[in-house]
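The values are calculated or read from the model by the stated rules, or taken from the named source; none is laboratory data. No experiment lies behind these values; they were computed from the predicted model shown. Here the Cβ is made from the backbone with ideal geometry for all residues, glycine too, and neighbour counts use every protein chain on show. Heavy atoms of the whole protein, side chains included, go into the accessibility calculation; ligands, DNA and RNA do not. Shrake-Rupley method; radii C 1.70, N 1.55, O 1.52, S 1.80 Å.
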Amino acid sequence: MKLHDTIEAYLLFKHALGMRLEPEGGVLRSFCRTMGDGDIADVKSDAVLAFIAGNGAVTRNWKQKASVLRSFYRYAVGRGFATSTPLPTVKPQFPPTRTPCIYSTDEIKRLLAATQILQTPYSPLRALGFHTLLLLLYGTGLRISEALSLTLENVDLVNGVITVRDTKFFKTRLVPTGPKLTRELSNYAQRRCQEVPMPAGHGSAFIAITRSGACSSVVTVEALFSILREEAGLHRESDIKSQPHLHDLRHTMVQHHLVAWYRSGRDVQRLLPQLATYLGHVDISSTQPYLTMTPELLHEANQRFERYAQPEDHHA
């Protein structure tokens with residue numbers, strides 16, 4: 001069977017299961033173009049390895065391509081379209097995983113104060129919009145793309161609930177906002193509707209950083225965050241890839257919740273599945289990368305252990 005036909009059959013199969021496959025479809029069609037218009041049985045292991053490896057240093061794209069092709073060939077072999085899998089059996093040495101930056105309360109305040117340098121008459125709400133974006137990311141743990149995709153209709157300020165649609169795992173979830181964050185969002189929404197034009201033809205972006213009021217791109221907000229990071233004096237003594245990121249606010253939100261739960265005596269193990277659902281993860285394993293053991297968290301965990309392990313004093 002032709003490689004092209006097998007790929008299209010696979011994508012139709014996954015679509016029938018209700019899955020959206022934009023990234024996966026792109027990888028497979030690129031794979032098809034690289035391999036040529038031949039039979040799936042003619043695809044050789046060395047050609048597959050060359051496609052996965054690409055040019056330059058090994059990056060996470062290696063893992064992404066390998067994962068997509070692994071799923072595709074599992075389908076092809078299972079349906080009898082291929083007799084074996086030409087995927088590489090030996091993985092390369094991947095670069096170490098970046099350790100997220102867990103912001104302190106003081107550092108978050110410095111980032112919020114730094115948003116004032118974004119003020120410009122050409123984009124009247126850019127500074128306030130970014131200020132609100134930081135509060136939203138830290139207060140809810142939303143992914144950056146989720147926060148930027150919010151429309152005015154998605155934010156229920158009366159009931160304090162945000163509707164996050166078409167998430168990373170293609171599901172819709174409800175995210176409650178606390179009283180303080182809801183007040184901040186309400187104040188911002190009022191100014192946003194007064195000062196920034198509403199784009200015609202589609203829902204208006206809730207966070208308006210661009211002059212037009214349209215949804216900002218992740219690339220744009222990441223570039224602006226780099227400016228804020230320097231203004232706030234937040235940096236690591238290492239390469240540029242290890243510097244604090246905007247996405248680290250999501251990690252920080254998780255860490256601060258864990259510390260607060262330990263301090264208040266809550267059952268952390270019971271709350272972790274609820275946290276996974278709140279973050280939009282499909283299971284608890286997806287939340288594990290966010291459970292970084294910081295000194296503050298380790299201290300609280302040790303305090304909890306000591307209270308459980310210390311024998312009761314019967315000589316009062």
Among (1) under 20 Å from the mean Cα position of the chain (by Cα); (2) part of a loop (DSSP other than H, G, I, E, B); (3) surrounded by 11 or more Cβ atoms within 10 Å (Cβ to Cβ), where does T97 come up short? (3)
Given the criteria more than 20 Å from E146 (Cβ to Cβ) and open to solvent by less than 20 Å² (accessible area, probe 1.4 Å), does A276 qualify? no
Has segment 129-146 got any residue that is open to solvent by 60 Å² or more (accessible area, probe 1.4 Å) and either charged (D, E, K, R) or not in a helix (DSSP H, G or I) (or both)? no
Residues of segment 28-78 satisfying the condition of being open to solvent by 70 Å² or more (accessible area, probe 1.4 Å), touching a residue at least 12 places away in the same chain (Cβ under 8 Å) and not in a helix (DSSP H, G or I): D37, K44, A57
Any residue in segment 228-248 that is on the phi > 0 side of the Ramachandran plot sitting within a Cβ distance under 8 Å of a residue that is at pLDDT 90 or above? List the pairs, counting only those 6 or more apart or interchain. G233/R110
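Which of the residues that make up segment 218-273 are aromatic (F, W, Y) and either loosely packed, with under 13 Cβ neighbours inside 10 Å or under 25 Å from E146 (Cβ atoms) (or both)?
Looking only at segment 218-273, we keep the residues that are aromatic (F, W, Y), and these are 225, 261-262.
The answer is F225, W261.
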With respect to T292, determine if the residue is on the phi < 0 side of the Ramachandran plot, at pLDDT 75 or above and touching a His at 6+ places or on another chain (Cβ under 7 Å). no
